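Trainee: Have a look at the structure that comes next, please.
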Amino acid sequence: MKARNSAINILLNEACVPIRWRVEREILGKTRPETVTVKELLEYPRVQENFDYLTGKADFDSIHSSFKYIFENVCGSLHDLGIRQGMDNLDQRIKPYLDRLDYLVNSTDHGENLYTGFLGKEFQASIIAGSVSLIGYHKHPVVRKHVKARLARLAEFKPHFDLKTIYSPDPKGYPKLWRDKFPFLNPEHYASKRFHLPWIHDLDCWGSLPLRLHTMADEVATWIMTDDYQSLPDGYGVIATAPRRYYAMGWSIKLPGWTRDFNPRYAGMMFQYMEALAPFKSAANHPWFRKALDWFEGFVDDDGLFQLPKESLKETGYWVGGGLPAIELKPRTYRKRVLEATFRLLTLKRIIDG
């Protein structure tokens, strides 16, 4: 407790505006933070930058990509920065995306007249639902409706999950470059553009659910944390999008260090996955989770600061890919990364403790 209090005091004195805001609001439970104001948070350069990226364009190419200005990565960054539903004019900025989600969930158009990407309406809906959930819209009726349908699909398939039937022989016309490298997913598992395996976007929707849905999500989390699921290739493999047209998948929930030592370069991805899985007891009590938490704890000094390896939490990658773009502004000194890592570990422990 002494080390925790020391770390919190250091963060409140040295860390950037968003970290201080989240420490006071989420870790200390204060309604009115004392070291920072809402105005300061909203004026923080990285918050302003990401607000500007919310253009209202909700087509597939505008919400899904590896660029930092794409919707799914913007919402992840805003989540890290402490921006939540009801702040400033966020509701107005998010409305076009919720309208798009409503159309995807409730329209009878199955995508023939709508470009929704290679996996149709369900994938695009999952991206939007997961993204807006990160910034506090998880209770919105259309988000909840989508989550309920996805959880029902995953829970129904879970008992039938079999490594022997997940993949099919390479079809005729399969790219030579991918043969023996990227397995071909059995089309039965994405028939009618409904996917039977969980995406990382699903995880982002599950942070706060009513009991029945929480129980269903816990069952899926249990499935994710099995050797069979974790033995699947990163990204699942390749799907057929049309005759002789193929697409390499992504967005599987591949936990770093499942069968080997933890790599400091993937600390950001570990924080992201662990934060999403922590609400579920089956996940938080799993040996992998406890081992990862112990590994993190091994870097904590007597002052409660996370003295992370120097290759960790560098500003690389994008949010959905586990890159966790920095909260602290440049220059990215080692001290700033220590403060950010300390904050993330304290946040993770707060979620675990409920």
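All of the numbers you see were taken from the coordinates with simple rules; none came from a lab. This one's a predicted model, so the numbers in the text were calculated from it and none came from an experiment. All Cβ positions, even for glycine, are placed from backbone atoms using ideal geometry, and neighbour counts span all protein chains on display.
Trainee: Report, to the nearest 10°, how far helix 267-277 tilts away from the longest principal axis of the Cα atoms in the chain, using its own Cα long axis and a range of 0 to 90°.
Mentor: On a 0 to 90 degree scale, this one is about 80.
Trainee: Specify the residue with the greatest mean-square fluctuation among SER252, SER77, SER133, computed from a Gaussian network of the chain linking alpha-carbon atoms under 10 Å apart.
Mentor: Its mean-square fluctuation being the largest, the pick is SER252.
Trainee: Moving on. Once the convex hull of the C-alpha atoms of the stretch 120-236 is built, how many Å³ does it hold per residue, rounded to a whole number?
Mentor: Per residue, the Cα convex hull of the stretch 120-236 comes to 115 Å³.
Trainee: Based on alpha-carbon centroids, what's the gap between the stretch 167-182 and the stretch 62-107 in Å, whole number please?
Mentor: Rounded to whole Å, the Cα centres lie 36 Å apart.
Trainee: How high is the relative contact order of the stretch 112-191, given as a whole-number percent (alpha carbon pairs under 8 Å, six or more residues apart)?
Mentor: Result for the stretch 112-191 is 20 percent.
Trainee: With the Cα gyration tensor of the stretch 136-201 in hand, give its eigenvalues times 5 under a square root as the equivalent ellipsoid semi-axes, listed largest first in whole angstrom.
Mentor: They are 30, 14, 10 Å, listed largest first.
Trainee: Moving on. Stick to the Cα atoms of the stretch 232-354, pair each with every other, and give me the Kirkwood hydrodynamic radius in Å at one decimal.
Mentor: With all distinct Cα pairs of the stretch 232-354 included, I get 15.8 Å.
Trainee: Over 32 Å between Cα atoms: which of LYS158/LYS314; LYS39/LYS148; LYS139/LYS193; LYS39/LYS349; LYS68/LYS254 fall into that group?
Mentor: Violating the 32 Å Cα-Cα cut-off are LYS158/LYS314; LYS39/LYS148.
Trainee: Before anything else, pin down the relative contact order of the chain: Cα pairs under 8 Å, at least 6 apart, normalised by residue count, whole percent.
Mentor: 18 percent
Trainee: Enumerate by residue number the trypsin sites (Lys or Arg not before Pro) in the stretch 301-343 meeting two conditions: DSSP loop (anything except H, G, I, E, B), and at most 13 other Cβ atoms within 10 Å of the site's Cβ.
Mentor: In loop regions of the stretch 301-343 (DSSP not H, G, I, E or B), the sparsely surrounded trypsin sites (Lys or Arg not before Pro) are LYS310.
Trainee: If you average 1/r over all unlike Cα pairs in the stretch 50-112 and invert the result, what Kirkwood radius do you get in angstrom?
Mentor: The answer is 12.5 Å.
Trainee: Trypsin sites (Lys or Arg not before Pro), restricted to the stretch 57-161: which are DSSP loop and have at most 16 other Cβ atoms within 10 Å?
Mentor: Sites meeting the loop and neighbour criteria: LYS57, ARG84, LYS139.
Trainee: Let me ask another. Any chance you could list the semi-axes, whole Å, largest first, of the equivalent ellipsoid that the Cα gyration tensor gives for the chain, using √(5λ)?
Mentor: 34, 24, 19
Trainee: How big is the stretch 220-265 by the Kirkwood estimate over distinct Cα pairs, in Å?
Mentor: 12.3 Å
Trainee: Quick one: Karplus J couplings for the stretch 259-265, per residue in order, coefficients 6.51, -1.76, 1.60, θ = phi - 60°, nearest Hz, x for Gly and Pro?
Mentor: Rounded to whole hertz, the list is 10, 8, 5, 6, 9, x, 5.
Trainee: Sticking with this one: GluC sites (Glu not before Pro) within the stretch 285-333: which are DSSP loop residues with at most 15 other Cβ atoms inside 10 Å?
Mentor: GLU311, GLU315
Trainee: Between beta-carbons, use under 10 Å as the cut-off and find the net charge around ILE27, counting Lys and Arg +1, Asp and Glu -1.
Mentor: With Lys, Arg at +1 and Asp, Glu at -1, the neighbours total +4.
Trainee: Against the globular-protein guess of 2.2 N^0.38 Å, express the Cα radius of gyration of the stretch 285-354 as a ratio, rounded to two decimals.
Mentor: That works out to 1.15 for the stretch 285-354.
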